[in-house]
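To keep things clear, I will list the structure first and then write my remarks on it.
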Amino acid sequence: MICLPLLTVVKLALFPNENIWPHLFSTVLPHYIFNTLVLMAGVAAGTLLIGVYTAWLVTHYDFTGRRLFVWALLLPFAVPAYVIAFVYTELLEFSGPLQTVLRSIFGWQSAADYYFPKIRTLGGATLMMVLVLYPYVYLLARSAFLEQSASLLEAARVLGQPRYHSFFAISLPLARPAIAVGVAMALMETLNDFGTVDYFAVQTLTAGVFDVWQNMGSLSGGAQIACLLLLFVFLLLFLERFGRKHQKQFQPSSSRFRKVQRVKVTGWQNALLCLCCTAPIVLGFVIPIIILIQYSVLYFDESWTADFRKTASNSLLLSGSAAVIAVSLGIFLAYSARIKKNRLLQACTRLASTSYALPGAVLAIGIMIPFAAVDNTIDSFMREQFGVSTGLILSGTVFALIFAYVVRFLAVAFGSVESSLAKITPSMDMAARSLGQKPSKMLWHVHIPLMKSGILTALLVVFVDCMKELPATLLLRPFNFDTLATHVYQLASDELIEQSSLAALLIVLTGLIPVILLSLTLDRSHSTARKN
């Protein structure tokens, strides 16, 4: 069931009802590919620079505000890329407050009197994504730097190497696998994004799926572009794994491990490090949250309507249902793999947990086609036998949305549950079985109580991801059915950003939950691991 969307898209792309591939290739497809590659390259470079540099600073240097920056650098995680794109467009466009103040100060009358960079461009979309996606790299890079022993860096210093050289020669190569995973995750989110590129009128492959399907009316053409998008995702995963295929790094044993002693900096160096860590936080979180709060207060009466409350309840119910189902399936998969050491079962479990790599637009096509086929079959049967039309049962319903959320975020739930389950010693299983407990009762009475924190974390993270999901929701939602994400997108597209601020603020505040959990557990997990 999890692989059904992927198989459906591939089948439709290889055997289309109408082959418009030559037309796409001769017109818009090269432009889609070029923009996608440039966007990915820019996001990779930006997230790599900000994520690695800030992670290195807070790990190896002691400067003013370091303890605050350790967790504050994760705050942009809570802001969806399309929200920050709407906010900065409102702030930086010609009629926005910044240019208005500049014109009043210098006496400019029109845009012809001065130059101001346009935000709604490919470069602007790249910057917006970098500001909210760099925490992927920062989180994993910092985790890798914390695991490195001070003895390695001290050996380089004894051999006469300066600190910056030991960073490039020792720390960075050792952290490369973790950094590569962080960049890969940021690029997957880039490929999944639709709200930002659509609002900025940047034609990428994801925007192409929507354009060909919705505007050209060709589902087959959309599936073909979706397959090309999948090739980008799988090529990205392959390059990440191939790049470290023959690399193996081993950390010193716990008895020889020594934490890195942070270097105390003062004066202008202290100010520079503070500035380097403050800039991404201010640009990626503080400015957007201030503007959203301001607009939410000013336009509260216009935003707080019965429709808004219904939309918010839709998001909460959908996200909560999908989170419970995804975590339940994650427990089932992880526990099955634990009690049955079967290679086929292990392979199927891993395959089902790779669904996070599927962009939302690809998922939507892969779900709509089989669900519509089932609906049509049932409807035809009921018409012939009983003269009754059943209408839409699966496609175009809430069920299709929940199914899409579960497929996309099952990997997140499975990863958290599997990690918690792996910490339970097998001797617990043996003791329970020796006391006559069956596997089902052993799961309920032994394992679930021991991994409550992991299950709660999985529920919260999946819930927040579902709240922010836009592409699949736009394509699969029922008629006259909105979530907070689609509500924000539609109002912003109609240039009503002020009225969308309350919904956007609610999404951001919800997204702070996993950020707080991450910041509370990161240092604790490393210190506990080293003590053990």
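Any read-out appearing in this document is the output of simple, stated calculations on the displayed coordinates, not a laboratory observation. Since this is a predicted model, take the numbers as computed values, not measurements. Neighbour counts run over all protein chains shown; Cβ positions are idealised from the backbone, glycine included.
Here is how the numbers come out for the structure above:
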item	result
Relative exposure of LEU229, LEU275, LEU484, judged by other C-beta atoms within 10 Å (fewest first)	LEU275, LEU229, LEU484
Protection proxy ranking, peptides 337-344, 182-189, 34-41, average beta carbon neighbours within 10 Å, highest first	182-189, 34-41, 337-344
Whole-Hz couplings from phi, Karplus 6.51/-1.76/1.60, listed for the range 295-308; x for Gly and Pro	5, 4, 6, 5, 10, 5, 5, 6, 8, 7, 10, 5, 5, 5
Cut-off under 5 Å, modelled amide H: who pairs with TYR61 long-range	VAL263
Two-site FRET efficiency, LYS441 against VAL398, from Cβ-Cβ distance with R₀ of 45 Å, rounded to 0.05	0.85
At most 14 other Cβ within 10 Å, DSSP loop - trypsin sites (Lys or Arg not before Pro), the range 412-503	LYS423
Among the listed pairs LYS341/LYS452; LYS340/LYS452; LYS259/LYS452; LYS11/LYS118; LYS259/LYS340, those beyond 32 Å (Cα-Cα)	LYS11/LYS118; LYS259/LYS340
Integer Hz, Karplus 6.51/-1.76/1.60 couplings in order for the range 16-27, x for Gly and Pro	x, 5, 9, 8, 9, 4, x, 5, 4, 5, 8, 10
Additional length obtainable on full extension of the chain from ARG309 to SER434, 0.36 nm per residue less Cα span	39.7 nm
The chain - percent relative contact order, Cα under 8 Å, separation 6 or more	23
In the range 458-502, the chymotrypsin sites (Phe, Trp or Tyr not before Pro) that fall in loop regions by DSSP, at most 12 other Cβ within 10 Å	PHE479
Distance-filtered residues of the range 30-63 - backbone nitrogen under 17 Å, label point 7 angstrom along CYS276 Cα→Cβ	46-63
Within the range 57-122, trypsin sites (Lys or Arg not before Pro) in DSSP loop having at most 14 other beta-carbon neighbours inside 10 Å	LYS118
Calculated FRET efficiency for the pair ASP62/GLU384, C-beta based, R₀ 60 Å, to 0.05	0.20
Point-charge dipole on Cβ atoms (K/R +1, D/E -1) for the range 28-297, about Cα centre, debye to 20	1360
Theoretical gain in end-to-end length, ILE339 to ALA45 [0.36 nm per residue, Cα-Cα removed]	101.5 nm
Packing-based exposure ordering (other Cβ within 10 Å, fewest first) of ILE516, ILE365, ILE119	ILE516, ILE119, ILE365
³J(HN,Hα) computed for each position of the range 399-406 - Karplus, 6.51 cos²θ - 1.76 cosθ + 1.60, integer Hz, glycine/proline x	4, 5, 5, 4, 4, 4, 4, 5
Residues LEU450 and GLN269, FRET efficiency given R0 of 41 Å [Cβ-Cβ distance, rounded to 0.05]	0.30
